[in-house]
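The values are calculated or read from the model by the stated rules, or taken from the named source; none is laboratory data. Bear in mind the structure is a predicted one, so any value in this text is a computation, not a measurement. Positions of Cβ are backbone-derived with ideal geometry, glycine not excepted, and every protein chain shown enters the neighbour counts. Heads up: the accessible areas ignore ligands, DNA and RNA and are worked out on the full protein's heavy atoms, side chains in. Shrake-Rupley method; radii C 1.70, N 1.55, O 1.52, S 1.80 Å.
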Amino acid sequence: MSFKEYRDVIKENDAVILYLGFDNMLTLKLEKGKTHQTRYGAMKHDDVIGRNFGSKIQCANGFLHVLHPTPELWTLNLPHRTQILYATDISMVIMQLDLKPGSVVIESGTGSGSLSHSIIRTIAPTGHLYTFEFHEQRAEKAKDEFEEHEISEYVTVEHRDVCNNGFGKTAVADAVFLDLPAPWSAIPHAKVAMKSQGRICSFSPCIEQVQTSCETLAANGFTDIVTIECLVRLYDVKELNIPQTSLVEKDKLADSADSSNMTKMTVSVPQTVMPGHTGYLTFATLFSK
């Protein structure tokens, strides 16, 4: 299954996204003769192969849709080998690093490949991603996934301790992304690997990590240092009965039993509980080597 381009027809051995509902999706590799059990009943792989992506598949107790994988859907359904970045932070990283087709990017660590897929889609077809992973088995698994998703030509995966051994690159990267326990130890190596006027981003869950990283960035000649925290606040849409009168007369009408002067209005109300902290994104620019 290719992540680099869209294809209409589903083929055998494709990795597809089964959409059973807004909060119920999963990744499935299709193989002839097999059957997958869903909450709506059995789904035969043969009934899906040869259909178009987006098709509605009828099961015994309901239906589901078969979707073409995208980096966003992969992020929501990938097999977790580590904690991952999600769409909110990923979109900020790609924008702040000014990634575009042709960009050369260095990433450490690879982890589960959530950010890697979005970076590759952004920099393809003329850019390249060099991604480094400290854990050898995770590096090999990521390499296998990139090949299966037909995007291996845009990415080089390397098992390497970048904090101690550096990136092995000199002045090649337009951008560097660090997701490491001690990112400050990799910042001097990142400076060597970056082009002049390149951008760097460090993702850290703790403010103490951010403080040390900012000090190290400044000491290594980086400027425009800024830290961002992306928080999502949800709003509920409600319908309220309000009086058809001015605010001055509102209290008088509230005491009246006459409901004919009431009208309905749709309003949005922020939820009092919101998704919590994920991490801090620290950005900086290397203006000169």
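Quick one: order MET25, MET95, MET274 from most to least accessible surface, probe 1.4 Å.
Numbers: MET25 45, MET95 120, MET274 80 Å².
Order by accessible area, largest first: MET95, MET274, MET25.
The charge dipole of the chain, taken about its Cα centre with unit charges on the Cβ of Lys, Arg, Asp and Glu (plus for the first two, minus for the last two), comes to roughly 340 debye. For the listed residue pairs LYS32/LYS141; LYS4/LYS141; LYS29/LYS143, the alpha carbons are over 21 angstrom apart in LYS32/LYS141.
Considering only the other residues whose Cβ falls under 14 Å of the Cβ of ASP8, what net charge follows from Lys and Arg at +1 and Asp and Glu at -1?
Values: positive: ARG7, LYS11, ARG51; negative: GLU5, ASP14.
Combined, the nearby Lys, Arg, Asp and Glu give +1.
For the chain, the pair-distance distribution built from all alpha carbon pairs, in bins 10 Å wide starting at 0, is 6, 23, 25, 18, 14, 9, 5, 1 percent. Measuring with a 1.4 angstrom probe and ignoring ligands and nucleic acids, THR223 comes out at about 50 Å² accessible. Taking chymotrypsin sites (Phe, Trp or Tyr not before Pro) in DSSP loop conformation with at most 10 other Cβ atoms inside 10 Å as exposed sites, the chain has its longest uninterrupted site-free stretch at 23-289. Take the Cα pairs of the stretch 52-166, get the Kirkwood Rh, then feed it into Stokes-Einstein at 37 °C and 0.692 mPa s and tell me D in µm²/s. For the chosen part, D equals 215 µm²/s. Between ALA218 and VAL9, the simple label model (points 7 Å from Cα in the Cβ direction) yields a spacing of 6.2 nm.
For the chain, give me the percentage of DSSP beta bridges that are antiparallel, rounded to the nearest 5 percent. Bridges in the chain that DSSP calls antiparallel: roughly 65 percent. The residues ARG138, ARG51, ARG233, sorted by heavy-atom accessible surface at 1.4 Å with ligands and nucleic acids left out, run ARG233, ARG51, ARG138 from largest to smallest.
When you count, for each residue, the other Cβ atoms within 10 Å and take the mean per peptide, how do 169-175, 41-47 rank with the highest first?
For the peptides 169-175, 41-47, the packing ranking is 169-175, 41-47.
Since only TYR235, LEU217, ALA193 are under comparison, the one whose Cα sits farthest along the positive direction of the charge dipole of the stretch 192-248, derived from C-beta charges on Lys, Arg, Asp and Glu, is ALA193. Using 0.36 nm per residue and subtracting the Cα-Cα separation, the extra length available between ASP46 and GLN58 on full extension is 3.0 nm. Looking only at the stretch 126-146, which residues have a backbone nitrogen under 18 Å from a spot 7 Å from the Cα of ASN164 in the C-beta direction? Zone members listed by number: 132-139.
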